[in-house]
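Enquirer: Quick one: structure below, then a few questions.
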Amino acid sequence: MNLNYLKTMWIQSISQFFIYRLTSILVCIFGVLFTAIEVISVLLIYNYTDSVNGWDFYSFLTLSATYTLISYIYQFFFTLSHEELIDKIIEGELDYDLIRPVDSQLINSIKKMDIASLINIIIAILLLCFSVPKILIGQNIILGIGMYILFVLLGVYLYYLVNQFFINFSFWIERPYQISAIPEYLLDIASRPRNVYPPVLHLLFVWVLPILLSTNLPVEIVRGEFSFLTIGYYILFIAVFTILVRIQWQQGLKKYQSTN
């Protein structure tokens, strides 16, 4: 990839953030409010109980912060580009990207940054600094935190793949906006411990589309309650899904119709 081109696009994102200051400030405020509501809901739950299906307060808070972190890292790097990509596919404006000496899928995924998301990323990290040490007691701290970071990044990547998968249907569907919102609903499901869901949903969102593992697995790792079978399956699924999304993109380009 042409790093200079990417750097230029990111600088433009920063410039837009400062040009539309009022909008950016409002986005930051609402983002903070949503995160605050999530934390308050956890506090309310544990005001009446000490455990939810084996999850204590600090574990649940770590899960909520992990969910927020994954959501906003994705939003920081990919959301604006993905929203623009849908319109470019529908309106036949991909030509310029297709003739560039860079990967068209990649450049249309990370060309814009949502600077306002940084505030929520920072808040999530601060929450994790508070809660994670409480559940890492008796474990190898460096290994636990290292594994946690790795699987958070894998969670962001899985969420990217799920979004890209639904966006790719824009090549075949004229009005894909409704289905492009499905990944957000899926990640909302992953904001809770996976063992609170009934067996059917647990099977669907752990072993068919493991969106629950994207948020739960990092927390289970720092709690020392993971299985290597689950980790192995999760990594294998991401690898296979990467290939599937790539093939889908390439097939979609064959269906692409330029306005020119």
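The values are calculated or read from the model by the stated rules, or taken from the named source; none is laboratory data. No experiment lies behind these values; they were computed from the predicted model shown. No Cβ is skipped: glycine too gets one built from the backbone with ideal geometry, and neighbour counts run over all protein chains shown.
Enquirer: Return yes when residue 173 is of a type in the set (Val, Ile, Thr), assigned to a helix (DSSP H, G or I), touching a helix residue (DSSP H, G or I) at 6+ places or on another chain (Cβ under 9 Å) and farther than 17 Å from residue 234 by Cα and no when it is not.
Expert: The answer is no for residue 173.
Enquirer: From the residues in region 208-229 that are out of contact with any helix residue (DSSP H, G or I) (no Cβ under 7 Å at 6 or more places or on another chain) and surrounded by 14 or more Cβ atoms within 10 Å (Cβ to Cβ), which one is farthest from residue 165 (Cα to Cα)?
Expert: Pass one, region 208-229, residues out of contact with any helix residue (DSSP H, G or I) (no Cβ under 7 Å at 6 or more places or on another chain): 208-209, 220, 224-225, 227-229.
When the remaining residues are screened for being surrounded by 14 or more Cβ atoms within 10 Å (Cβ to Cβ), the result is 209, 220.
Working: 209: 12, 220: 27 Å.
This residue is 220.
This table checks each residue for (1) at pLDDT below 95; (2) small (Gly, Ala, Ser); (3) touching a strand residue (DSSP E or B) at 6+ places or on another chain (Cβ under 7 Å).
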{"position": "188", "(1), (2), (3)": "yes, no, no"}
{"position": "193", "(1), (2), (3)": "yes, no, yes"}
{"position": "232", "(1), (2), (3)": "no, yes, no"}
{"position": "235", "(1), (2), (3)": "no, no, no"}
{"position": "241", "(1), (2), (3)": "no, no, no"}
{"position": "245", "(1), (2), (3)": "no, no, no"}
{"position": "255", "(1), (2), (3)": "yes, no, no"}
{"position": "259", "(1), (2), (3)": "yes, no, no"}
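Enquirer: Restricting to region 97-121, name every residue that is surrounded by fewer than 13 Cβ atoms within 10 Å (Cβ to Cβ) and without any contact (Cβ under 8 Å) to a residue 40 or more places away in the chain.
Expert: Once the filter is applied, which keeps residues that are surrounded by fewer than 13 Cβ atoms within 10 Å (Cβ to Cβ) and without any contact (Cβ under 8 Å) to a residue 40 or more places away in the chain, region 97-121 yields only 99.
Enquirer: From 79, 62, 66, which residue is on the phi < 0 side of the Ramachandran plot, under 24 Å from the mean Cα position of the chain (by Cα) and free of Cβ contacts under 8 Å to residues at least 60 places away in the same chain?
Expert: Checking each option against the conditions leaves just 79.
Enquirer: Among the residues of region 224-246, how many are over 21 Å from the mean Cα position of the chain (by Cα) and either more than 30 Å from residue 62 (Cβ to Cβ) or assigned to a helix (DSSP H, G or I) (or both)?
Expert: 2
Enquirer: What number goes with the only condition from (1) more than 25 Å from residue 93 (Cβ to Cβ); (2) surrounded by 13 or more Cβ atoms within 10 Å (Cβ to Cβ); (3) modelled with pLDDT under 85 that residue 134 does not pass?
Expert: All conditions pass for residue 134, except number (3).
Enquirer: If you don't mind, there's one more thing I want to ask. Of all residues in region 11-46, which are at pLDDT below 85 and not in a helix (DSSP H, G or I)?
Expert: The one that is at pLDDT below 85 and not in a helix (DSSP H, G or I): 20.
Enquirer: Follow-up. Got at least one residue in region 37-49 being surrounded by fewer than 17 Cβ atoms within 10 Å (Cβ to Cβ), more than 25 Å from residue 164 (Cβ to Cβ) and charged (D, E, K, R)?
Expert: No, region 37-49 has no match at all.
Enquirer: I'm trying to understand the selection: among the residues of region 214-260, which are in contact with a Phe, Trp or Tyr (Cβ under 7 Å, 6 or more places away or on another chain), within 18 Å of residue 149 (Cβ to Cβ) and touching a residue at least 40 places away in the same chain (Cβ under 8 Å)?
Expert: Passing the criteria: 214, 215, 217, 218, 221, 222, 238.
Enquirer: I need a count of the residues in region 219-233 that are basic (Lys, Arg) and in contact with an Asp or Glu (Cβ under 7 Å, 6 or more places away or on another chain).
Expert: 0
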